[in-house]
Amino acid sequence: MSGPITTEDLARSVDDTDGAPFILDVRAPDQFERWQIEGKADLETVNIPYWTAITAVSYTHLTLPTTSP
């Protein structure tokens, strides 16, 4: 799945051990450290603050996974 999802979709998917989503978290690092999305599945999560993600496109591109399930 790519693009925006609902909170209900996310809640279901974080417990799906076969199809857990990759999560790009664009919150500030201090917010990311205080609270992260958790579930039964081992979630791959990367934190790139919003302004970094949109202004340092090369860095963002290199940080994101290159394969999809």
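Here are a few things to note about the model shown:
- Residues that are in contact (Cβ under 8 Å) with a residue 12 or more places away in the chain and more than 21 Å from Ile5 (Cα to Cα), drawn from segment 15-43: Pro29
- Any chance Gln31 is in a loop (DSSP other than H, G, I, E, B) and of a type in the set (S, T, N, Q): no
- Odd one out for Arg27, checked against (1) at pLDDT below 90; (2) touching a Pro at 6+ places or on another chain (Cβ under 8 Å): (1)
- Candidate set from segment 22-43 (those that are closer than 15 Å to Ala11 by Cα and of a type outside the set (A, V, I, L, M, F, W, C)); member that is surrounded by the most Cβ atoms within 10 Å (Cβ to Cβ): Gly39
- Answer residue from segment 44-67, given it is without any contact (Cβ under 8 Å) to a residue 12 or more places away in the chain and part of a loop (DSSP other than H, G, I, E, B) and is least open to solvent (accessible area, probe 1.4 Å) among those: Ala56
The values are calculated or read from the model by the stated rules, or taken from the named source; none is laboratory data. The structure presented is a predicted model; accordingly, all values stated were derived computationally and were not measured. Don't worry about glycine lacking a Cβ; one is built from the backbone with ideal geometry, like all the others, and counts go over all protein chains shown. We work out accessible area using only protein heavy atoms, side chains counted, and drop any ligands, DNA or RNA first. Shrake-Rupley method; radii C 1.70, N 1.55, O 1.52, S 1.80 Å.
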